[in-house]
Amino acid sequence: MPALPTTTRLRRWARRALVEARWYAGLLVLPPRVAVFQARARRLAWHSGDLFSITSVTRPADLRALLKLARGHHRVVELGTATGWTAISLALADPARTVNSIDVVSREEPLRYLELVDDSVRRRVELEIRDGAEGPVNATPVELLYIDSSHERDATVAEVLAWRPVLAPGATIAFDDYSNPDYPGVREAIAALKLAGEARGSMFVHAVPG
């Protein structure tokens with residue numbers, strides 16, 4: 001395969017450098033421990049050729065909105081682990097918080113990035129491989145349910161109904177990609193469930209009655 005012309009390679013390098021500079025600048029809005037982890041994870045992803053994490057990770061501005069929403073919530077369930085960066089960031093942001101992250105796909109990325117944090121954080125991130133629509137395995141109250149899984153209408157409705165019995169009074173449900181036109185199933189599920197709430201960044205936020 002012939003080598004790319006020098007000008008083409010320079011343009012690609014410049015585009016990537018600009019994207020990276022903007023991404024790292026975005027970390028300034030995050031809590032310091034979270035920002036340091038995100039920077040280390042990003043470097044490791046590039047070094048290991050993990051393009052899945054590079055392209056699918058939650059953007060700093062959206063992560064900031066989620067962390068702000070999670071304040072005061074110590075028992076968090078995330079449906080849709082993907083890279084694990086979000087679950088780890090939620091645990092880093094509050095030393096009293098536990099995060100149960102559930103996904104139907106077993107991936108190596110979450111375990112790889114958990115190695116970047118110490119044992120006190122790893123102990124508070126529980127990874128499960130199963131369908132989030134199976135619901136909880138115990139009756140421990142959940143204060144924040146963050147849904148970033150299939151983005152399909154019926155699956156999302158099933159997940160909410162499965163977890164609703166253990167949502168604590170005043171709990172929050174956050175649906176990711178609510179504003180993303182590529183995932184109409186999220187809006188359709190919220191409409192089907194007749195949930196009141198508001199858009200915050202890319203999320204839709206519903207407060208469970210207290």
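The values are calculated or read from the model by the stated rules, or taken from the named source; none is laboratory data. Bear in mind that the values here come from a model prediction, so they are computed numbers and not experimental data. Note: ideal-geometry Cβ built from the backbone for every residue, glycine included; neighbour counts use all protein chains shown.
Checking Asp148, Asp119, Asp154 one by one, the residue that is within 27 Å of Gly210 (Cα to Cα) and free of Cβ contacts under 8 Å to residues at least 40 places away in the same chain is Asp154 and no other. Annotation note: Cβ proximity below 6 Å between a residue of the stretch 63-75 that is more than 16 Å from Ile147 (Cβ to Cβ) and a residue that is in a helix (DSSP H, G or I) and of a type in the set (A, V, I, L, M, F, W, C) (sequence gap 6+ or interchain) occurs for Arg64/Val29; Leu67/Ala93. Screening Thr6 with (1) closer than 25 Å to Val121 by Cβ; (2) of a type outside the set (A, V, I, L, M); (3) at pLDDT below 95 gives one miss only, at (1). Checked against (1) in contact (Cβ under 8 Å) with a residue 40 or more places away in the chain; (2) farther than 26 Å from Ala61 by Cα; (3) buried (at least 18 other Cβ atoms within 10 Å of the Cβ), Thr140 passes all but a single condition, namely (3).
Each row is one residue, and each column tells you yes or no for (1) exposed (fewer than 15 other Cβ atoms within 10 Å of the Cβ); (2) farther than 16 Å from Arg42 by Cα; (3) among the small types (Gly, Ala, Ser); (4) under 12 Å from the mean Cα position of the chain (by Cα).
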| residue | (1), (2), (3), (4) |
| --- | --- |
| Val77 | no, yes, no, yes |
| Arg97 | no, yes, no, no |
| Pro110 | no, no, no, yes |
| Asp118 | yes, yes, no, no |
| Asp131 | no, yes, no, no |
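For the stretch 76-87, taking the residues that are touching a Phe, Trp or Tyr at 6+ places or on another chain (Cβ under 7 Å) and without any contact (Cβ under 8 Å) to a residue 60 or more places away in the chain, the one that is farthest from Ser106 (Cα to Cα) is identified as Trp85.
Checking the stated criteria, Glu126 turns out not to satisfy the condition of being in contact (Cβ under 8 Å) with a residue 60 or more places away in the chain and not hydroxyl-bearing (Ser, Thr, Tyr). For the stretch 165-203, the set of residues classified as within 14 Å of Val77 (Cβ to Cβ) and free of Cβ contacts under 8 Å to residues at least 40 places away in the same chain consists of Pro165, Val166, Ile173, Phe175, listed by residue number.
Within the stretch 76-123, being out of contact with any strand residue (DSSP E or B) (no Cβ under 8 Å at 6 or more places or on another chain), closer than 21 Å to Arg64 by Cβ and among the small types (Gly, Ala, Ser) holds for Ser89, Ala93, Ala96.
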